[in-house]
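> Next up is a structure, given as structure tokens.
The values are calculated or read from the model by the stated rules, or taken from the named source; none is laboratory data. Bear in mind the structure is a predicted one, so any value in this text is a computation, not a measurement. Cβ coordinates were reconstructed from backbone atoms using ideal geometry, including for glycine residues, and neighbour counts include every protein chain displayed. Calculation scope for accessible area: heavy atoms of the full protein, side chains included, ligands and nucleic acids excluded. Shrake-Rupley method; radii C 1.70, N 1.55, O 1.52, S 1.80 Å.
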Amino acid sequence: MPIYNQIGKTYNTTRKADSRITQMILQQLNLEPSATILDIGAGTGNYSYELSDKGYHVIALEPSEIMRIQGRQHGNLNWKEGAAERIPLEGGSVDGIICTLASHHFHDLSLSFQEMRRVLKKNGKIVIFTLDPRLCEDECWLFDYFGPVLKDAYRIHPPVKELSQLLAEQIERKVTMVPYPLPHDLADQFFFTGWRTPERYLDRDFQRGTSPLAKGEEVKRCLEHLQNDLKNGYWHEKHQYVMNLEEYDCGHFFLVV
């Protein structure tokens with residue numbers, strides 16, 4: 001919570017909903033417009049707004065007051081204060097649940113998944129967009145510069161197999177994993193989206209919009225390393241090949257129940 005009260009002040013500058021991610025969410029939900037969807041960890045409501053604008057009734061659940069204050073408003077959108085571990089809704093009250101790059105901030109995954117099951121209707125759908133950095137550790141250049149930060153993230157990002165198994169156990173349904181290689185031009189600029197534009201990591205607005213870059217001296221050293229290698233040409237000498245790619249596998253995926 002405290003980190004999002006800090007970075008949330010400028011969150012909307014870089015964390016805009018991307019239409020391709022929105023489309024993937026809707027495709028996996030496979031619900032008719034007018035269905036009720038709960039967005040857990042909604043942030044400033046960018047994806048909540050997009051779904052609302054398509055006719056869905058959306059409940060945006062967000063613990064950070066700073067984020068909620070900036071929350072986008074829509075006639076189909078209802079904001080609520082709360083966290084995944086204690087969802088302030090009646091049982092069996094929503095047709096679908098989404099969570100977009102927020103599950104790693106849950107304090108208790110088991111309890112959070114139990115709460116999802118409680119508030120979800122019998123035949124409802126759950127779509128969680130998340131990542132496991134371990135999946136790209138051997139390939140992604142970001143580990144050359146942000147290795148300490150990303151490996152520290154292993155504490156809050158369970159291995160995908162463990163996460164899928166835990167979700168399946170708590171929801172008591174089969175979980176499908178849908179890999180999502182990142183396009184180079186995503187409008188939602190979360191941490192890994194700069195894979196083809198390394199200069200982005202030196203931009204203050206970008207840094208303020210992603211939690212891994214809002215953490216102290218270690219991040220400063222990582223940024224200085226990258227800045228030096230961009231200046232002396234070493235980054236381009238070693239990683240130029242990514243400039244020819246349209247998308248890159250950075251360990252992101254959708255879990256669908």
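> Say a site is exposed when it is one of the GluC sites (Glu not before Pro), sits in a DSSP loop, and has at most 10 other Cβ atoms within 10 Å; what is then the longest site-free stretch of the chain? Let's see the in-between values first.
On the way: sites that count: Glu90, Glu172, Glu246.
Longest site-free region, per DSSP loop and neighbour criteria: 1-89.
> Output the Cα-based Rg and Dmax of the chain in Å, rounding Rg to one decimal and Dmax to a whole number.
Rg, Dmax (Cα atoms, Å): 18.2, 58.
> Another question, then. What's the center-to-center distance, using Cα atoms, between the stretch 56-98 and the stretch 135-208 in Å?
Between the Cα centre of the stretch 56-98 and that of the stretch 135-208, the gap is 24 Å.
> Please flag any cysteine in the chain that has no other cysteine's Cβ under 4.7 angstrom from its own Cβ.
Cys99, Cys222, Cys250
> At 1.4 Å probe radius, can you tell me the per residue accessible area of the stretch 188-257 in Å²?
Details: 3360 Å² over 70 residues.
On a per-residue basis, the stretch 188-257 sits at 48 Å².
> Now, a different point. On a straight-distance basis, which lysines could pair with Lys125 in a cross-link, Cα separation under 28 angstrom, same-chain partners fewer than 8 positions away excluded?
Lys16, Lys54, Lys80, Lys161, Lys174
> In whole percent, what relative contact order does the stretch 96-253 give with Cα contacts below 8 Å and a gap of six or more residues? Don't jump to the answer; show the numbers that get you there.
Working: 166 pairs, mean separation 47.7, N = 158.
Taking the mean separation of contacting Cα pairs over the length of the stretch 96-253, I get 30 percent.
> Could you tell me which trypsin sites (Lys or Arg not before Pro) in the stretch 205-257 are loop residues by DSSP with no more than 13 other beta carbons within 10 angstrom of their beta carbon? It would help to have the intermediate numbers written out before the result.
Working: sites: Arg208, Lys215, Lys220, Arg221, Lys231, Lys238; in loops: Lys215.
Filter output for the stretch 205-257: Lys215.
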